[in-house]
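All of the numbers you see were taken from the coordinates with simple rules; none came from a lab. Just so it is clear, the structure is predicted and the values come from calculations on it, not from any experiment. Here the Cβ positions follow ideal geometry from the backbone for every residue, glycine too, while neighbour counts run over all protein chains shown.
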């Protein structure tokens with residue numbers, strides 16, 4: 001166990017809101033003040049889904065409001081545990097253990113953050129963009145990919161982005177209203193989205209920039225292993241620093257069971273690290289070999 005123990009809280013949280021979206025996707029908002037005060041982009045919480053399901057489920061945090069104590073999670077039903085969680089209504093209670101994990105740590109020397117999220121990897125990217133925009137030291141650009149309908153309200157935007165065709169684009173309304181540029185990508189024929197993988201979209205944008213513009217960019221990403229492998233290759237191609245948040249199956253979620261270990265390349269040599277507490281955010285250079293082998 002590492003020194004995160006003192007910042008992980010166990011509390012009973014009240015369900016405030018549960019919103020359903022196409023594709024068995026849900027946005028759950030709970031009141032968990034201790035978690036909300038300490039949550040950072042990239043951290044997650046371990047939630048109980050139902051009294052009949054003893055095993056907790058790890059869910060990435062999409063937003064945390066320290067003033068209200070509210071924490072939001074986006075999840076997709078996979079298995080009976082999350083199916084039970086989707087039945088929870090306002091007023092119900094859940095046990096929340098969190099926040100857990102090492103968050104994204106952007107470098108102030110590169111103020112433009114290319115934040116890439118795929119599928120259920122979108123929540124920490126949305127959280128990161130909101131925090132970065134609020135601090136004014138960074139300028140986030142959010143690219144999101146999904147092969148099922150996007151789980152949030154969309155609106156049209158005419159903001160231009162280097163390397164992409166002009167004209168209206170579908171964007172995430174919540175981020176657009178905060179002044180954050182977003183773009184969507186999918187291989188499904190959604191009219192509001194770029195046709196292709198989200199990494200294709202990112203490459204097209206980066207290729208349209210000059211060396212000086214790219215020197216101000218860093219990448220942060222979360223999503224399925226195949227997408228993260230493509231992101232690490234993209235970072236290598238354009239010589240950009242990159243941090244990735246891994247998605248792994250977890251049992252205890254706090255480093256005790258070592259069931260989520262991955263092989264990393266560290267300055268001291270190869271080492272097994274636990275995604276839950278040593279991550280989930282790692283430098284892409286450390287996990288490149290793991291992502292290559294897993295792809």
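Rounded to the nearest 500, what is the 222 nm mean residue ellipticity of the chain from helices alone, with -39500 (n - 2.57) per DSSP H run of 4+ residues and division by all residues?
-6500 deg cm²/dmol
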Sites residue 174 and residue 137, calculated FRET efficiency, Cβ-Cβ separation with R0 22 Å, nearest 0.05: 0.55
Rounded FRET efficiency, nearest 0.05, which uses the C-beta distance separating residue 257 from residue 89 and R0 of 41 Å: 0.85
Spatial separation of Cα centroids for the range 91-120 and the range 237-282, in angstrom: 14 Å
Share, in percent, of DSSP beta bridges within the chain that are antiparallel, nearest 5: 65 percent
Estimated FRET transfer efficiency (residue 160, residue 68; beta-carbon r; R0 45 Å; 0.05): 0.80
Per residue convex hull volume, Cα atoms of the chain, in Å³: 129 Å³
Residue 283 versus residue 7: modelled label distance in nm, points set 7 Å from Cα along the beta carbon direction: 1.9 nm
